[in-house]
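Report on one structure; see the data block that follows.
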Amino acid sequence: MNLRKALDKAKRERDSHGGGKGPLSPGASPSFPAARPGSDWHAPVYSESKTAAIDLETAVSNHCVALSADFAEVDYYKVLRTQLRQIGREKTWNTIMVTSVAPGEGKTVTAINLAATFAREYNQTVLLVDADLRRQSIHHYLGYPSSSGLRDYLEERVPMNDIITWPGIEKFTVISGGQPVHESAELMGSPRMQTLVAELKNRYADRYVIFDVPPVMGGADALTFAPLVDCIILVVGVGITRRQDLTQALEMLPQEKMAGFVLNQFNRATAHRYGH
Amino acid sequence: MEDTPLALGDYVDILNRRKWSLIIPSVLVVLVAGLVALLLPSIYKSSATILIEEQDIPADFVMSTVTGYAEQRIQSTQQRIMSTGRLVEIINRFNLYPEYKDRWTTEEIVEKMREDIHLDLISVDTIDRRTGRPTAATIAFTLSYEGKNAATVQRVTDTLVSLFLSENLEVRKRQTTETTEFLKEETDRVRAQLAELEEKITTFKAQHVNALPEMLQVNLQSLNSMETNLQRMDDQIRSLREREGYLETQLASIPKMEDPQKQRLKAAEIELVNLRSKFTDDYPDVKKLHLEIDELKKRMANKPDGGLEQPDNTAYITLAAQLSSTRAEIKSLLQQKTAMMEKAEDYRQRIETTPKIEQTYNALLVDRNNTQAKYEDLLRKAMEANVALGLEKEQKGERFTLIDPARLPEKPFKPNRLAISLIGVVLGIGAGVGFAALREFSDQSIHAPQDLARLSNLPLLVSIPTIMTPSDRRIRNRKRMLVGLVCVLACVAGILAFHFLVMDLDVFWAKLMRRLPPM
């Protein structure tokens, strides 16, 4: 107990010393290096995007730990990132759909952390798209207010640039927010969505676009959306996903796009943990 | 689907995953068992042992009229004691089962009491002397009663035992007396029957005294001898008749009368002739003879001729006498013969009727003999019963002796709190393990990478543990502390509530100590 308290205290001190002063400035965090001198790659300047400031404490308390450098769990996401890069390198995959079988398996947190981990790479920009049209939640997780999201673009109310938010993290942009919509599947399969995905995919070469899509069992959204992306990651929550549901979901999703599973909340007593 | 053997780590995982499924049912069951063990009321049991003593006098000498096995008698006595009326009386006397009085019917309370009374036979294995086979002989039995109050239990057992003993005595006495009386009545009845039969036989005999079967031989002999006699008589008659004929011929040739004057005349004439040859007529003698002859002639002429005169020929008379005696003899013999023949006819009649009579007579005799045998048998039995009655009166027969009176139970006999607690612990662990196993095996969710590998050949990109942020840890710690605090508070509140609402804690403690088995 004492040890834990001491650790917590140390972490808090580090937070207050490093980036705990509220919104992170792009260059402040050492884990998000700015454009390196001598490199011909420059971080894009999101002049066209809205700017928001994420609340790191809220984000961390929502388990979006990849935004901070203090958590050992980030290593798992680095493993995931490496795996995806290895799979995607040959096939020029850059639109990734993160979904799960049932709600509550941690796909949104996985999507955020994966996006943040990609953004840490020095020559990679990431766009995280909240494709859960019924319940926009990424901006809540990250702790910034947003009034427009994917729906507003799909219903042709606002241009695309107006919905992309730069939350103050280097090479990391987000589309999230707005009012919930009930006929989400129709919007997901609309031509405008196809156009959007195609545009996002081709706009920047070095950009990963990560879509947080509703669970397969929750509705038709995931199945409608699956053909539009390059690859699919299925988040499996330990003790949540039922075997038959998983089998069913795998049958419905296109096999050739399946990148693999992420086993979430896997607390194996005997498992070796890095750094602990 | 291949089954990979579970490694130790997998078990640890399962345990970790199902710890609450394991702990909560276990704790609940153990708690319930503990409560049951503590709260079950103490049941005391008091029992008395009664020895079955065989009769003192060997059964070869005196046969008891109380038959049946001791077990049967014990059971029947028990049934009699446990009749509703008696039990209700005992219940009222000792105020038993006050807690059920308001809720249960009398019938149910009596039924409960019947369940609380136990009668156990104590048997030993022996070898039956007659059959040589091993049997179990009941030598004693225990009568016990269970209840919540030690003193009452003892008193009720005492009452039951004394009831049992007196009931048994009464039953034996009644049985013996009844046997004796019954035998006596039966003997009297059979005796009357016998007398009646005897009477009948006597009358019958008197009626058919000559034709009785036992007289047949005599009758036959008599008839036989009579026939012989008759034959002899016939012979006699025949010979007498021959003699009669002979005498008759003889008699015919003999003159009836012998006249002396005629003979004198004849002789005088002859003398005259004789004299005349010598003398003349004038000779005196001749003259005298003449005169005499004349006189005789005159007298003979005067004398009327005919049978008026009695024969005087002696030969004739003798013969006639013989003849008449023979005739008289024949007559008497004929008379005798007639009488004899009548008699023989009578005898023949008797012999003819004998078979007819014999049937009835024999039936009567058989009846008489049977009744006689019955009577003798009954008489013997009645005497034996009388002896047995004496045996019972002297209490020398088989009897029940109280060798171990009901004692005041010091320790409750039920429930075995330790055993219940132990069973509770075992059951609790079983319930926990069972529940956890059920949860584990019925759980269809994915728990390990192997599960994924079995379902699909897609790669597992990464396994991420639950992310614990400092605030998560704080929340978790706070939650644990809160749960602990709530538990402690609940315990305290429960104890206080118990103290104020149910019973004082010191009283409860004392009760608890009393119930716990001494260590």
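The values are calculated or read from the model by the stated rules, or taken from the named source; none is laboratory data. None of the values given here were measured: they were computed from a predicted structure. In this analysis, Cβ positions are derived from the backbone assuming ideal geometry, glycine residues included, and neighbour counts consider all displayed protein chains. What goes into the accessible areas is simple: the full protein's heavy atoms, side chains included, and nothing from ligands, DNA or RNA. Shrake-Rupley method; radii C 1.70, N 1.55, O 1.52, S 1.80 Å.
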Item to check | Matching entry among B:Val171, B:Val156, B:Val190, B:Val161 (being open to solvent by less than 60 Å² (accessible area, probe 1.4 Å), closer than 14 Å to B:Arg73 by Cα and β-branched (Val, Ile, Thr)) | outcome: B:Val171
Checklist entry - Taking into account only those residues within region B:327-367 that are acidic (Asp, Glu) and touching a helix residue (DSSP H, G or I) at 6+ places or on another chain (Cβ under 8 Å), which is modelled with the lowest pLDDT? => result B:Glu358
Checklist entry - If you check A:Glu170, A:Glu156, A:Glu186, which single one turns out to be of a type in the set (D, E, K, R), part of a loop (DSSP other than H, G, I, E, B) and either more than 20 Å from A:Ala66 (Cα to Cα) or open to solvent by less than 10 Å² (accessible area, probe 1.4 Å) (or both)? => result A:Glu156
Checklist outcome for this item: The residue that is farthest from A:Glu256 (Cα to Cα), considering only those in region A:69-90 that are surrounded by fewer than 17 Cβ atoms within 10 Å (Cβ to Cβ) and among the small types (Gly, Ala, Ser), is A:Ala69
Checklist entry - Say we look at region A:91-101 and pick out the residues that are more than 16 Å from A:Ile138 (Cβ to Cβ) and touching an Asp or Glu at 6+ places or on another chain (Cβ under 6 Å); which of these is surrounded by the most Cβ atoms within 10 Å (Cβ to Cβ)? => result A:Val101
Checklist entry - Could you give every pair whose Cβ atoms fall below 7 Å, whose first residue belongs to region B:378-389 and is touching a residue at least 12 places away in the same chain (Cβ under 8 Å) and within 15 Å of B:Val190 (Cα to Cα), and whose second residue is open to solvent by 60 Å² or more (accessible area, probe 1.4 Å) and among the hydroxyl-bearing types (Ser, Thr, Tyr), counting only separations of at least 6 or pairs across chains? => result none
Checklist entry - Taking region B:197-230 only, how many residues are open to solvent by 50 Å² or more (accessible area, probe 1.4 Å) and either of a type in the set (Val, Ile, Thr) or closer than 15 Å to B:Thr354 by Cβ (or both)? => result 15
Item to check | Count of residues meeting criterion [over 17 Å from the mean Cα position of the chain (by Cα) and over 20 Å from A:Leu200 (Cβ atoms)] in region A:72-100 | outcome: 3
Next on the checklist: Of everything in region B:38-59, what is buried (at least 18 other Cβ atoms within 10 Å of the Cβ) and over 19 Å from B:Glu410 (Cα atoms)? Give them in sequence order.
Outcome noted: B:Ile50, B:Ile52, B:Gln55
Checklist entry - Can you pull out the residues in region A:173-183 that are touching a residue at least 60 places away in the same chain (Cβ under 8 Å) and open to solvent by 10 Å² or more (accessible area, probe 1.4 Å)? => result none
Checklist outcome for this item: Among (1) surrounded by 23 or more Cβ atoms within 10 Å (Cβ to Cβ); (2) within 11 Å of another protein chain (Cβ to nearest Cβ); (3) in contact with a Gly (Cβ under 9 Å, 6 or more places away or on another chain), A:Ala66 falls short only on (3)
Checklist entry - Scanning for something among the acidic types (Asp, Glu) and farther than 30 Å from B:Glu71 by Cα, does region B:264-277 turn up at least one residue? => result yes
Next on the checklist: Among the numbered criteria (1) of a type in the set (Ser, Thr, Tyr); (2) open to solvent by 20 Å² or more (accessible area, probe 1.4 Å); (3) under 28 Å from B:Pro405 (Cβ atoms), which one does B:Thr131 miss?
Outcome noted: (3)
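Yes or no, residue by residue, for (1) on the phi < 0 side of the Ramachandran plot; (2) in contact with a strand residue (DSSP E or B) (Cβ under 7 Å, 6 or more places away or on another chain); (3) surrounded by 14 or more Cβ atoms within 10 Å (Cβ to Cβ):
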{"position": "B:Asp125", "(1), (2), (3)": "yes, yes, no"}
{"position": "B:Ala136", "(1), (2), (3)": "yes, yes, no"}
{"position": "B:Thr142", "(1), (2), (3)": "yes, yes, yes"}
{"position": "B:Thr152", "(1), (2), (3)": "yes, no, yes"}
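A quick yes/no check of all residues on (1) open to solvent by less than 50 Å² (accessible area, probe 1.4 Å); (2) in contact with a strand residue (DSSP E or B) (Cβ under 8 Å, 6 or more places away or on another chain):
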| position | (1), (2) |
| --- | --- |
| A:Thr110 | yes, yes |
| A:Thr117 | yes, no |
| A:Arg120 | yes, no |
| A:Val126 | yes, yes |
| A:Arg135 | no, no |
| A:Ser148 | yes, no |
| A:Tyr204 | no, yes |
Item to check | Hits in region A:87-107 - residues which are facing chain B (nearest Cβ under 10 Å) and either under 15 Å from A:Arg120 (Cα atoms) or at pLDDT below 85 (or both) | outcome: A:Ile87
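Can you say whether B:Gln372 is open to solvent by 80 Å² or more (accessible area, probe 1.4 Å) and of a type in the set (S, T, N, Q), as far as the supplied structure shows? First the steps, then the outcome.
On the way: open to solvent by 80 Å² or more (accessible area, probe 1.4 Å): no; of a type in the set (S, T, N, Q): yes.
No, not satisfied.
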Item to check | helices (runs of 4 or more DSSP H) completely within region B:418-519 that count 3 or more residues being more than 9 Å from every other protein chain (Cβ to nearest Cβ) | outcome: B:470-497, B:505-515
Checklist entry - Of the residues that make up region B:267-282, is at least one part of a loop (DSSP other than H, G, I, E, B), farther than 30 Å from B:Leu379 by Cα and touching an Asp or Glu at 6+ places or on another chain (Cβ under 8 Å)? => result yes
Checklist entry - Applying the selection to region B:400-435, what residues are surrounded by 14 or more Cβ atoms within 10 Å (Cβ to Cβ) and among the β-branched types (Val, Ile, Thr)? => result B:Ile420, B:Ile423, B:Val425, B:Ile429, B:Val433
